[in-house]
Amino acid sequence: MNISRRDGIIATGAAAVLIGVGVSGHYLLRKRHAPSPYDDLLTLLEDRDADAQIGETVLAEAEDFDPKTIADNLRAHIGKRPLAAVLASDVAYGRVVEAGGWVLPQTLGLLCALAAKAET
Amino acid sequence: MGQFIDARNVPSGTVLQADLAILGGGPAGISIALALAGSPLKVVLLESGGMTFDARTQALYVGSKVGDPYLTLEASRLRFLGGSSNHWGGWCRPLDKIDFEPRAWMPYSGWPFGKREIDRFFVKAHSLCEAGTLLYDKTEKFAGGMGRVLPLGHGGLITRWFQFSKTRDSNLPTHFGERYADELKRIGRLSVLLHANATRIGLDASRARVEEIDVATLSGRRFRLRSAATVIAMGAIETARLMLASNDVAPAGVGNANDLVGRFFADHPTPRDTATLVLFGGRPAPFYLGNQTVHGAIVRAGLFPSEAFRRANAATAASITIDDKTDLDDLGKAAVAAVVGAMGIDAADHAAFSLGAGMEVTPDPDRRITLDTDRDALSMPRAVLRMRISDSDFARLRQTLKELGRQLLQARIGMLKLNLRTRQDWLDAMDWGNHHMGTTRMHADPRQGVVDANLKVHGIANLYVAGSSVFPTYGAANPTVNLLSLALRLADHLKGVLR
């Protein structure tokens, strides 16, 4: 079977596209979040959508929640420490919040609340 | 030989004589009678019921209630020999040292003596309950083979232990009437009158001394009992009812010159499903989930606020038990995933459990027993209970549970959800310990208590009260073994004053 040079180029291009789609499918299918001013913080969350659901319950009980102030405070509080270390420090010093009744480390609860804010 | 007498066979108009009258054949009355076995005192114990349940006798408990939801008055008690030990759960635990102390955050707190004063009688009280080897908070040393105590680490709540009453060769709690009837019959100078209801405490004209007790049976017999001293041991509602109804000489009732009799009624609220506990490693050791036999005792572990936490946080007493396994909703699953992911914890085997709690209430003078215009079959005014629970008591338990949630996270072993938020949430989840307390509270000052440190009614030379009605504050420990310690102490006192 003879394949013309033109058909060969088309087939190669199509294969390249398919491979590219396959490789990046995970990223293509992932829910896109609108950019927010807190994305540097929200990348700390493993499942931003689920955590936003938790964050809604934190916000429901927060009287004054100014996301910019909270984000600034969180950046200062977390610094360069791993999140796990920050959370351990929170609970050791009694810094906990409630999320729909769940007792959470304060930093985690506030990150979840920021995730919820970023969705609105 | 002592004797059990059916009061329905005592001719009306009879006047019985004794050194000591004990009104009530529940655990307190029986324990006092047993403790006086070796004394030369002639003792008569009156029991309203017989040896078994009788509906007509039980109906004498019927009363009404107003205020917050509560049990029907006749549901919590049993009116035959052995009293409410005939249906108790057998839970035993000593009060804490702090329970006896005045606490700035708890109005009306402070017993007239410290814990040590009744500790002297605790071993005997525990023995009467047949609660096995005296272990309580030493249980952990012997329970190692069954699993680990939750490593909560530093913080407010700690594992502590209940022990359980058991009859010999059985896991059932001790029914004091059935269990001790033979021993009572062996006491030579004791007479137990069954079906005998005290209907009036007759003061002499000075109002400072009990002259006689009126006794009635449901069959219509009426007679009197005269004794050098009288102990009322009828439970917190009936004791108050009898004292208030005995108003022929003192219009406000016996011992009620300061309008305190019947006030400060209390019970232990035991709200269900107060919180959801998630343990990342799965099930806790079996002694948290149910009764286990350890070193000759039936035990169960619970989570209690430490005395240090209570002092530092103005916390009330509480006993928290791990109950049934439960399922998590979507938010719960998300919360667990978020925490274990962010904290780097392996929770592949996690399991969730419902937490129950027994809680202490703040003494409240307006939570009280008064008399109704309606009367029972013996023409006694029925009781009215005004029940109230304050929001602050719920809030304090909630704070304690929140601390448990914090400790679980700190120890990286679990997490907690607080299930009850609004007052209605708490009331909807409410159950009760059936621990009637407080209506004849103890205080050295007659303006603040009905009985003094010796359980003698202020202003009356020869009248005493035994039972948890004398508790000024309530702790979270089950009252029976503690009220028995007090009753045994009273028996010791009476041996001296009635010599």
Inside the range B:314-354, can you point out the residues that are closer than 16 Å to B:ARG406 by Cβ and in contact with a Pro (Cβ under 8 Å, 6 or more places away or on another chain)?
B:ALA315, B:ALA318, B:VAL339, B:ALA342, B:MET343
Residue satisfying condition, being at pLDDT 95 or above, away from every other protein chain (no Cβ under 14 Å) and surrounded by fewer than 19 Cβ atoms within 10 Å (Cβ to Cβ), within set A:ARG75, A:ARG95
A:ARG75
Restricting the search to the range B:94-117, which residues are surrounded by 15 or more Cβ atoms within 10 Å (Cβ to Cβ) and over 18 Å from B:ARG310 (Cα atoms)?
B:PRO112, B:GLU117
Do we have any residue at all in the range B:257-280 that's within 14 Å of chain A (Cβ to nearest Cβ) and part of a helix (DSSP H, G or I)?
no
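Being more than 7 Å from every other protein chain (Cβ to nearest Cβ) and part of a loop (DSSP other than H, G, I, E, B) is the filter here; which residues of the range A:98-120 pass it?
A:THR120
Confirm whether B:ALA347 is part of a strand (DSSP E or B), within 14 Å of chain A (Cβ to nearest Cβ), over 22 Å from B:GLN163 (Cα atoms) and not acidic (Asp, Glu).
Spelling it out, it is not the case that B:ALA347 is part of a strand (DSSP E or B), within 14 Å of chain A (Cβ to nearest Cβ), over 22 Å from B:GLN163 (Cα atoms) and not acidic (Asp, Glu).
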Output the number of residues of the range B:419-431 satisfying the condition of being more than 10 Å from chain A (Cβ to nearest Cβ) and crowded, with 19+ Cβ neighbours inside 10 Å.
1
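Conditions (1) out of contact with any strand residue (DSSP E or B) (no Cβ under 6 Å at 6 or more places or on another chain); (2) assigned to a strand (DSSP E or B); (3) within 10 Å of chain A (Cβ to nearest Cβ), marked per residue:
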| position | (1), (2), (3) |
| --- | --- |
| B:ILE369 | no, yes, no |
| B:THR373 | yes, yes, no |
| B:ARG382 | no, yes, no |
| B:ARG386 | no, yes, no |
| B:SER392 | yes, no, no |
| B:ARG396 | yes, no, no |
| B:THR400 | no, no, no |
Which residue, of B:GLY2, B:GLY29, is crowded, with 16+ Cβ neighbours inside 10 Å, farther than 29 Å from B:THR316 by Cβ and modelled with pLDDT under 95?
B:GLY2
Exactly one of B:LEU416, B:LEU455, B:LEU483 is within 14 Å of chain A (Cβ to nearest Cβ) and buried (at least 20 other Cβ atoms within 10 Å of the Cβ), and that one is B:LEU416
Specify which of the listed residues (A:LEU41, A:LEU28, A:LEU59) is farther than 21 Å from B:LEU331 by Cβ, modelled with pLDDT of 90 or more and assigned to a helix (DSSP H, G or I).
A:LEU41
Condition check: surrounded by fewer than 18 Cβ atoms within 10 Å (Cβ to Cβ), modelled with pLDDT of 95 or more and either of a type in the set (Phe, Trp, Tyr) or not in a strand (DSSP E or B) (or both). Does B:LEU409 satisfy that?
no
Out of all the residues in the range B:455-474, which are assigned to a loop (DSSP other than H, G, I, E, B) and more than 19 Å from the chain's Cα centre (by Cα)?
B:HIS458, B:GLY459, B:ILE460, B:ALA461, B:ASN462
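Taking only the range A:42-72 into account, find how many residues are more than 20 Å from B:GLY341 (Cα to Cα) and either touching a Pro at 6+ places or on another chain (Cβ under 9 Å) or within 8 Å of chain B (Cβ to nearest Cβ) (or both).
Count: 3.
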Would you be able to say whether some residue in the range B:56-68 is touching a Gly at 6+ places or on another chain (Cβ under 9 Å) and assigned to a loop (DSSP other than H, G, I, E, B)?
no
For residues that are more than 9 Å from chain A (Cβ to nearest Cβ) and crowded, with 16+ Cβ neighbours inside 10 Å, tally how many sit in the range B:327-342.
2
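The values are calculated or read from the model by the stated rules, or taken from the named source; none is laboratory data. Since this is a predicted model, take the numbers as computed values, not measurements. For neighbour counting, all protein chains shown are included, and Cβ atoms are generated from backbone atoms with ideal geometry for every residue, glycine included.
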